[in-house]
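J.: Structure provided below as C-alpha cells; questions to follow.
The values are calculated or read from the model by the stated rules, or taken from the named source; none is laboratory data. These numbers come from a predicted model, not from an experiment. Please note: Cβ atoms are built from the backbone with ideal geometry, for glycine as well, and neighbour counts cover all protein chains shown.
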Amino acid sequence: MDGQIDKMEKRYSMTKLENRLRTFQDGVALEKKKLKWSFKVIPYQAMAKLGFYFDPVIDPKTSKLKKDSVRCCYCHRQTYNVRDCRSKRKDVLETLSNIMRQHLTVTDNKQVCLLIYLRNKLLTDYSFHMGVSDWKNYKYFSNPDDENVINLRKFTFSR
C-alpha cells in the first residue's frame, strides 16, 4: 500500500513545474545509479513546460535501460526514445513537436492526452499558421462543455 501512496504523491508532485524541472536538472536515481538528462538539442526547460518530466525506466520485456524516457504529468504515460525525435535541422520547435506527436501515438490507453494534444496544436498553429487557431473542426475541442475538456481546464487551473 505504501508503494501505491508514494506513486500517487509523485504523480501529484509532478503537476508542479519546479518538480518537473528538478528531474531534468538533478537527475533520477534508478537501481543505485544517478541518471541525468543528456540531450542538449532537447531543452529540458521546454520539456518541463510542456508537461513532461524525466523518468528513465528499465524495460520489463527486454531488461534494458531506457535513458531517454519522459512521462506526462497529465496522462502519466511514458514516451520512450525521445532521442529519435530530434530534428535533423536541429530545430528545437520541430523536435518538441516530434516528441509531442510521439507521445500522442502511445497506444496503451484509448484516451488521447488532451494536454499534449492542445500544446502541440498551439505550437503548430504558432509555427505554421501565424498563431491563428480554428477550433470548431477539432474533435477534442469543438465542444467546450465536453467532460474531458472540462477536466483538462480543471487540471490546468487547479495547479
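J.: Surrounded by fewer than 18 Cβ atoms within 10 Å (Cβ to Cβ) and either aliphatic (A, V, I, L, M) or closer than 18 Å to Lys33 by Cβ (or both): is that true of Pro56 in this structure?
T.: So Pro56 fails the test.
J.: Quick check: anything in segment 31-39 at negative phi, among the aliphatic types (A, V, I, L, M) and at pLDDT 95 or above?
T.: No: segment 31-39 contains no residue that is at negative phi, among the aliphatic types (A, V, I, L, M) and at pLDDT 95 or above.
J.: Assuming Glu94 fulfils every condition listed in (1) in a loop (DSSP other than H, G, I, E, B); (2) at pLDDT 90 or above apart from one, which condition is it?
T.: (1)
J.: Out of everything in segment 97-121 that is of a type in the set (Lys, Arg) and at pLDDT below 90, what residue ends up being nearest to Gly51 (Cα to Cα)?
T.: Lys121
J.: Moving on to the next point. Go through Val82, Val28, Val92 for me and flag whichever is free of Cβ contacts under 8 Å to residues at least 60 places away in the same chain, of a type in the set (Val, Ile, Thr), surrounded by 13 or more Cβ atoms within 10 Å (Cβ to Cβ) and farther than 25 Å from Asn120 by Cα.
T.: Exactly one of Val82, Val28, Val92 is free of Cβ contacts under 8 Å to residues at least 60 places away in the same chain, of a type in the set (Val, Ile, Thr), surrounded by 13 or more Cβ atoms within 10 Å (Cβ to Cβ) and farther than 25 Å from Asn120 by Cα, namely Val28.
J.: Let me ask something else. Between residues in segment 5-25 that are over 17 Å from Gln78 (Cβ atoms) and residues that are at pLDDT 90 or above and of a type in the set (Lys, Arg), which pairs lie under 8 Å by C-beta distance while being six or more apart or on different chains?
T.: Close Cβ pairs (under 8 Å, with a partner that is at pLDDT 90 or above and of a type in the set (Lys, Arg)) amount to Leu17/Lys49.
J.: OK, next. State whether the residues of segment 12-20 include one that is of a type in the set (Val, Ile, Thr) and under 29 Å from Lys154 (Cα atoms).
T.: Within segment 12-20, one or more residues are of a type in the set (Val, Ile, Thr) and under 29 Å from Lys154 (Cα atoms).
J.: Can I ask one more? Can you tell me which of (1) among the charged types (D, E, K, R); (2) more than 28 Å from Phe157 (Cβ to Cβ); (3) within 13 Å of the chain's Cα centre (by Cα) is the one Lys49 doesn't meet?
T.: With respect to (1) among the charged types (D, E, K, R); (2) more than 28 Å from Phe157 (Cβ to Cβ); (3) within 13 Å of the chain's Cα centre (by Cα), Lys49 is out only on (2).
J.: Filter segment 62-80 for residues that are under 13 Å from the mean Cα position of the chain (by Cα) and assigned to a loop (DSSP other than H, G, I, E, B); which is modelled with the lowest pLDDT?
T.: Tyr80
J.: Count, please, the residues in segment 12-25 that happen to be of a type in the set (D, E, K, R) and modelled with pLDDT under 95.
T.: Going through segment 12-25 one residue at a time, the tally reaches 1.
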